[in-house]
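Trainee: Can you read through this structure? Questions will come right after.
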Amino acid sequence: MSYTNKLKIFNDPIYGFITIPDTLLYDLIQHPYFQRLRRISQMGLSYLVYPGAHHTRFHHALGCMHIMQKAVEVLRYKGVIISNEEEKALYIAILLHDIGHGPFSHAMEHSIVENVNHEAISLLFMNRLNEEFDGQLTLAIRVFKGEYHRKFMLQLISSQLDMDRMDYLRRDSFYSGVAEGNINSDRLIQMMNVVDDVLVIEEKGIYSVEKFLMARRLMYWQAYLHKTSLVAENMLVRVLKRAKELSQKGIVLPCSEPLLYFMQHKVELNDFDDAVLERFSQLDDTDIIAALKAWQNHNDFILSNLSKMIVNRDLLKIKLSSEKYTPEDVEDLKSKLTNFYRISQQEASYFIFKGKIKNQAYNKDVEPIKILKKDRTIEDVVEASDQLNLKALSKPVTKYFICFPKVLAENS
């Protein structure tokens, strides 16, 4: 393939034209590991609430790479020295930051594999690609792991004001139609600077930061933690838990070979050799959807009912409260369900469960967003802001939920 053919352009509904700045990046995008992201939804099961939310991790990764290009351009213009090698490392790291996501994004981290987060799997994919590409990803991996001496580079990839968040808020807001999440990423990037190796936002960009944090809070309540998405994701986790239970008892379930492997084996981080990673790379949303469609007709009461509910969007009822639900609340509902369906307490626990969600738009204890004031001093955004609501945004808000079949609500 000729060199010029590798510098392609994508048309993106958010940013317009996105260019691929380098042939190595083109080859990474073309790789099957990365192409898989076309088949992983960015917002999990949120399309059951917002029908437009069918965009993918592929879209998002390209968008992140694009705004990283803008950030590098702005920082260089302001006199921050970034070498060509460092520039390429930043693009690779942000392009591949989500490559380890499993089907339906976050719902799968504790059900297909045993407590292995997507960042750990992303790193495994990056190391594997680094072997394939003769070590050309080495610097990108060091930046991604926070091992590179220039700290601000990691902040561009992973912090409270990184390219990842800037893209997903704007993109998820666009595709879901939740207008409150829309942010002005252009303005935020124009206001970026680096002082003493720390990423800062110039004072005149403070209102854009406030808007960004507010948008993040609203997107969590209205989209990411929307009660329908929440109950659907919890049900999906339980379907896979049940499928695993049955598989490990020797019952062979109809599903794709890669999914069957993860159903039959307990896979922890230490188990990820090249063969397991290759199998994981074969998994995407379609494996799960096809399995749910097949499992609807299974003779196992739990597996078939939960699968049917998700496929037909006839979900469990969910109630949110600022007060904790008690074990008695759960037991009371369970005994009603066991009588109604003549099932065991253990089976009932798949349909009745409680949990909690937390929304904290800004955590000043982690790594604060720094504002560069006109007198060249640096201050945490909460202190620099005249908005009282930023203090409120720093406080975590916890809500509690309980899920149960609608039939209990109808008969209570």
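The values are calculated or read from the model by the stated rules, or taken from the named source; none is laboratory data. None of these values were measured; they are calculated from a predicted model. Methodologically, a virtual Cβ is constructed for each residue, glycine included, from the backbone with ideal geometry; neighbour enumeration extends over all protein chains shown. Surface areas here come from the heavy atoms of the whole protein model, side chains and all, with no ligands, DNA or RNA. Shrake-Rupley method; radii C 1.70, N 1.55, O 1.52, S 1.80 Å.
Trainee: I need a count of the residues in the range 149-167 that are open to solvent by 40 Å² or more (accessible area, probe 1.4 Å), of a type outside the set (A, V, I, L, M) and either in a loop (DSSP other than H, G, I, E, B) or under 16 Å from residue 96 (Cβ atoms) (or both).
Mentor: Adding up the residues that qualify gives 3.
Trainee: Restricting attention to the range 188-216, report how many residues are in contact with a Ser or Thr (Cβ under 8 Å, 6 or more places away or on another chain) and among the acidic types (Asp, Glu).
Mentor: 1
Trainee: Residue 220: at pLDDT below 95 and under 16 Å from the mean Cα position of the chain (by Cα), yes or no?
Mentor: Yes.
Trainee: Identify, please: which residue in the range 368-380 is of a type in the set (Asp, Glu) and open to solvent by 50 Å² or more (accessible area, probe 1.4 Å) and is, among those, nearest to residue 217 (Cα to Cα)?
Mentor: 379
Trainee: Would it be correct to say that residue 173 is in a loop (DSSP other than H, G, I, E, B) and among the hydroxyl-bearing types (Ser, Thr, Tyr)?
Mentor: Criteria not met by residue 173.
Trainee: Then there's this: If we scan the range 281-300, do we find a residue that is closer than 30 Å to residue 99 by Cβ, buried (at least 18 other Cβ atoms within 10 Å of the Cβ) and either β-branched (Val, Ile, Thr) or in contact with a strand residue (DSSP E or B) (Cβ under 6 Å, 6 or more places away or on another chain) (or both)?
Mentor: yes
Trainee: While we're on this one: Return the residues of the range 35-52 that are in a helix (DSSP H, G or I) and of a type in the set (S, T, N, Q); say none if nothing qualifies.
Mentor: 35, 46
Trainee: Looking at the range 384-399, can you tell me whether even one residue there is open to solvent by 40 Å² or more (accessible area, probe 1.4 Å), of a type in the set (Ser, Thr, Tyr) and within 22 Å of the chain's Cα centre (by Cα)?
Mentor: The answer is yes; a qualifying residue exists.
Trainee: Give 277, 253, 292 a once-over and let me know the one that is part of a helix (DSSP H, G or I) and either in contact with a Ser or Thr (Cβ under 9 Å, 6 or more places away or on another chain) or among the polar types (S, T, N, Q) (or both).
Mentor: 292
Trainee: Being hydrophobic (A, V, I, L, M, F, W, C) and within 21 Å of residue 152 (Cα to Cα) is the filter here; which residues of the range 94-125 pass it? Don't jump to the end; show me each part of the working.
Mentor: Initial filter on the range 94-125 (hydrophobic (A, V, I, L, M, F, W, C)): 94-96, 99, 104, 107-108, 112-113, 116, 120-121, 123-125.
Scanning the range 94-125 gives 94, 95, 96, 123.
Trainee: If you don't mind, there's one more thing I want to ask. Six or more apart or on different chains, Cβ atoms under 8 Å: show the pairs whose first residue is in the range 252-278 and open to solvent by 70 Å² or more (accessible area, probe 1.4 Å) and whose second is at pLDDT below 95 and among the acidic types (Asp, Glu).
Mentor: Short answer, once both residue conditions are applied: 265/271; 266/114; 268/114.
Trainee: I would also like to ask the following. Given (1) in contact with a Pro (Cβ under 9 Å, 6 or more places away or on another chain); (2) open to solvent by 10 Å² or more (accessible area, probe 1.4 Å); (3) under 26 Å from residue 177 (Cα atoms), identify the lone condition not met by residue 7.
Mentor: So the condition that residue 7 fails would be (3).
Trainee: Going by the structure shown, is residue 85 without any contact (Cβ under 8 Å) to a residue 60 or more places away in the chain, of a type outside the set (A, V, I, L, M, F, W, C), in a helix (DSSP H, G or I) and closer than 22 Å to residue 136 by Cβ?
Mentor: Yes.
Trainee: Checking residue 57 against (1) buried (at least 19 other Cβ atoms within 10 Å of the Cβ); (2) farther than 20 Å from residue 173 by Cα; (3) of a type in the set (Lys, Arg), only one condition comes out false. Which one?
Mentor: If we test residue 57 against (1) buried (at least 19 other Cβ atoms within 10 Å of the Cβ); (2) farther than 20 Å from residue 173 by Cα; (3) of a type in the set (Lys, Arg), just (2) comes out false.
Trainee: Look through the range 196-224, keep the residues that are open to solvent by 30 Å² or more (accessible area, probe 1.4 Å) and of a type in the set (A, V, I, L, M), and return whichever of them is farthest from residue 358 (Cα to Cα).
Mentor: 198
Trainee: On to the next question. Look at residue 307 and say whether it is closer than 21 Å to residue 233 by Cα, buried (at least 18 other Cβ atoms within 10 Å of the Cβ) and among the small types (Gly, Ala, Ser).
Mentor: Working: closer than 21 Å to residue 233 by Cα: yes; buried (at least 18 other Cβ atoms within 10 Å of the Cβ): yes; among the small types (Gly, Ala, Ser): yes.
Criteria met by residue 307.
Trainee: Kindly indicate which of 131, 119 is of a type in the set (Asp, Glu), at pLDDT below 95 and either open to solvent by 40 Å² or more (accessible area, probe 1.4 Å) or under 30 Å from residue 198 (Cβ atoms) (or both). Steps first, please.
Mentor: Details: 131 fails: at pLDDT below 95.
Selected residue: 119, the only one of 131, 119 that is of a type in the set (Asp, Glu), at pLDDT below 95 and either open to solvent by 40 Å² or more (accessible area, probe 1.4 Å) or under 30 Å from residue 198 (Cβ atoms) (or both).
Trainee: Next up: Which condition breaks for residue 45 when tested against (1) open to solvent by 50 Å² or more (accessible area, probe 1.4 Å); (2) touching a residue at least 12 places away in the same chain (Cβ under 8 Å)?
Mentor: Failing condition for residue 45: (1).
Trainee: Give me the pairs, please: first residue somewhere in the range 107-121 and closer than 12 Å to residue 239 by Cα and assigned to a loop (DSSP other than H, G, I, E, B), second residue anywhere and open to solvent by less than 30 Å² (accessible area, probe 1.4 Å) and of a type in the set (D, E, K, R), beta-carbon distance under 8 Å, and either six or more positions apart or on two chains.
Mentor: Going by the 8 Å Cβ cut-off, the qualifying pairs are 111/244.
Trainee: Just give me the residues in the range 176-211 being assigned to a helix (DSSP H, G or I), under 19 Å from the mean Cα position of the chain (by Cα) and at pLDDT 95 or above, in sequence order.
Mentor: 176, the sole residue that qualifies.
Trainee: Follow-up. I need the full set of residues from the range 331-364 which are within 22 Å of the chain's Cα centre (by Cα) and either surrounded by fewer than 16 Cβ atoms within 10 Å (Cβ to Cβ) or under 22 Å from residue 211 (Cα atoms) (or both), in order please.
Mentor: Passing the criteria: 355, 356, 358, 359, 360, 361, 362, 363, 364.
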